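Engineer: Dropping the structure in here first, questions after.
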Amino acid sequence: MAMKLLRVRLENIFAYRDADFDLSGTSPNQNIVLIWGRNGMGKTSFLNAMKLLFTGHDKTEFRRVGFPVVSLSGLQYVLGDGSRWTGIINREARRRALTLGEPVTAQIIVSWMDNAGESVIATRWWTAEAENYETGVTVERRGERKTGAVAQEILEDTIPSDLVKFFFFDGEDIKSLAESSGSYQTDFNRLLQITFLEDLSRELVALSGDRKRSGLESNLRHALDEAQANLAKAKSLQVTAREAIEEIDAQLGIDGIELRRVQIRRANLSSGASEAQRKVLEDQLKVEQKRLDDITDQIVRDLPKDAPILANLNLVDKALEEIAARMTHGGSAESAFANSVSERLRDWIAEGCPALSDSETIKLSAFLSDRMRGLLHVDGSGGLFSNVSLAVLERIFGRFESWGVAGETLRSARGRMLIEAYRHSKVVQEITRSLFNLEVGANSNADEFRAVSNKLIELEEGIAKQNQMKGQWSSRLAEAGLAETKWAAEVKRLEESQDQVSQAARDSRFVLKAAKALNEISERVKRATRAELEVLLNDKFRLIIQHPLIERIALDEGYVLTFYERRGKAIGRTSLSSGMKQLAATALLWAMKDSAGSDLPVIIDTPLGRIDRENQEHLLRAYYPALSHQVIILPTNAEIDERKLGLLTDKVAKHYRIRNDSGDAASVEDKPLVEI
């Protein structure tokens with residue numbers, strides 16, 4: 001029994017506030033549902049929501065948006081990045097929640113009948129509050145409710161996340177399959193279900209390694225484990241570095257386009273002044289800027305140490321008086337005697353009167369010292385410099401005396417330096433303004449030219465920073481590559497160092513032989529499958545298009561398409577139109593689905609975008625009715641008009657029309673966009 005979608009409900013997701021699609025009415029005779037909508041109404045939102053249910057957004061590849069493509073962080077993908085991407089939560093619902101200070105929940109709820117005929121309901125949700133969010137997934141089946149990793153595993157078993165793009169797709173985007181140079185090989189092998197032999201072979205190779213390690217001595221096994229851990233670390237770092245470089249390259253592509261646009265706008269705003277006029281002013285600016293820099297350096301070097309003194313020369317005079325008085329009193333014999341006795345007096349009292357406390361000893365010492373100084377007519381205070389030695393006072397006096405004598409001269413010189421610096425800064429400003437006016441011309445352009453110039457500087461600095469980061473990641477990538485080579489060689493050396501005649505080594509060699517045999521069988525299966533697929537591809541291609549130039553399409557081992565004319569000469573893919581490539585890719589997907597015996601529903605947005613009228617009719621008659629047991633098409637009324645609808649009417653089980661007056665409040669009604 002084939003998987004059949006029953007119901008899709010979208011709440012606060014992309015363009016939808018609340019929409020409910022009943023898809024249960026499809027049957028073998030009426031297998032098509034048409035979900036109509038004009039451009040920007042919500043057709044692509046429906047497609048992306050269905051993809052997102054099965055893929056989630058944990059992997060970087062599912063968070064790539066825009067053109068050129070850029071990879072967003074999880075937070076940017078859910079809440080938007082402010083420019084290229086508005087996020088997955090409906091904008092109007094999020095604005096209302098932010099205004100009210102409340103959380104908002106977006107969810108995709110899809111139910112289907114699985115291959116065993118059992119009902120399954122899957123829900124993926126996001127709850128955002130301010131600039132944070134939580135997300136989760138649940139699956140209800142057989143009366144049991146699973147969440148988290150278990151729920152995601154059920155979804156992965158239903159439609160592998162890497163293969164969702166082959167069942168839910170935009171008709172115009174799939175032309176990349178016809179332009180591929182082998183990048184889809186792994187995905188196509190999985191779609192055709194011919195990877196099981198390769199998977200088994202890899203398991204046997206891993207088992208061989210385990211058997212070999214089991215026979216190693218303990219110290220050798222430890223060294224091998226460490227070497228393999230370092231090898232895995234080097235490989236992981238390369239993956240991280242490549243993803244970082246890829247994101248930087250995408251950002252550089254975006255910024256490069258914007259830089260060229262801003263440069264063109266700045267050039268358009270320029271007055272077209274002569275190069276000679278500009279050079280004269282630029283040379284003057286260099287001279288004046290050099291003078292300003294020299295004076296500024298001198299001010300920075302000399303002014304800080306002099307400024308406090310030169311600003312307070314009256315305090316210098318007072319300090320000189322204090323120092324002179326201290327030196328006069330401190331240098332007499334009576335003063336020297338009083339100081340000498342005062343320094344020893346406390347110890348003498350403590351020695352002669354041990355019964356006194358410390359505080360009493362201090363008070364008595366101070367009292368006797370004051371009386372002694374009074375009798376000797378010596379001033380005991382010493383003023384501001386009472387605790388400074390005479391030798392130090394002499395040096396301080398010399399410095400203060402030089403300030404006192406030359407202070408006014410120094411202050412005048414420093415003032416002249418500041419005035420000179422100010423004068424040169426004004427000249428620099430004036431020349432800069434003249435250059436600006438010369439560049440802009442009309443005053444009406446000045447503000448915009450200034451804004452554009454600032455934007456240009458911002459972009460150039462941003463690009464320089466991005467290139468610096470790219471250089472750092474490139475260095476890490478190169479280092480990781482060298483480390484991988486080093487540790488791979490070490491792993492090989494350690495494995496070969498064990499005695500090869502051991503039982504473990506014999507077991508390992510036997511398992512490797514089995515893996516080799518499986519690989520050979522796998523290659524034969526692939527060749528046979530590709531041959532069958534090539535026949536199907538050409539059959540499907542002839543059903544949807546009759547082209548006088550293309551006689552045959554060939555597939556190589558990477559599923560790269562080569563087109564041949566009637567005389568057997570290859571046709572360059574670049575010479576084919578986008579519409580022709582879209583038709584070839586459509587035939588390829590159809591052939592693969594039939595070859596794999598897939599029983600999954602198909603969702604197609606923009607089904608007929610680049611295709612001419614005659615071939616549109618071929619698709620409507622032969623392709624969509626036979627593509628799958630359940631086909632959901634998302635057209636505009638320009639793609640399928642009243643006449644074309646007549647070709648499909650007998651196969652259509654249900655019509656939905658998307659309404660979205662504000663752009664952020666999509667809903668649906670049960671009616672087509674054109675008259676039936």
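Any read-out appearing in this document is the output of simple, stated calculations on the displayed coordinates, not a laboratory observation. Computed from a predicted structure; not experimentally measured. When we count neighbours, we look across all protein chains shown, and the Cβ atoms used for this are built from the backbone with ideal geometry, even at glycine.
Engineer: Report, in listed order, any pair from LYS4/LYS51; LYS540/LYS654; LYS51/LYS165 with a Cα-Cα distance greater than 18 Å.
Structural biologist: Violating the 18 Å Cα-Cα cut-off are LYS540/LYS654.
Engineer: Next up: How would you rank 101-114, 517-530, highest first, on the average number of other Cβ atoms within 10 Å across their residues?
Structural biologist: 101-114, 517-530
Engineer: Moving on to the next point. At 7 Å along Cα-to-Cβ for each site, give me the label-to-label distance between ALA517 and ASP641 in nm.
Structural biologist: Reported label-point gap for ALA517 and ASP641 is 6.5 nm.
Engineer: Convex hull volume of the Cα atoms in the range 43-188, per residue, in Å³?
Structural biologist: Given the Cα convex hull of the range 43-188, per-residue volume reads 135 Å³.
Engineer: Turning to a different aspect of this structure: If a/c stays under 1.5 just call it rounded; otherwise compare a/b with b/c (prolate if a/b is bigger, oblate if not). Do that for the range 136-212, with a ≥ b ≥ c from the square roots of the Cα gyration tensor eigenvalues.
Structural biologist: oblate
Engineer: Arranged from highest to lowest average of other beta-carbon atoms within 10 Å per residue, in what order do the peptides 579-587, 352-360 appear?
Structural biologist: Descending mean neighbour count gives 579-587, 352-360.
Engineer: In what sequence, highest mean first, do 31-44, 130-143 appear when ranked by Cβ atoms within 10 angstrom?
Structural biologist: 31-44, 130-143
Engineer: Past the 22 angstrom mark, what percentage of all C-alpha to C-alpha distances in the range 491-635 do you count?
Structural biologist: 54 percent
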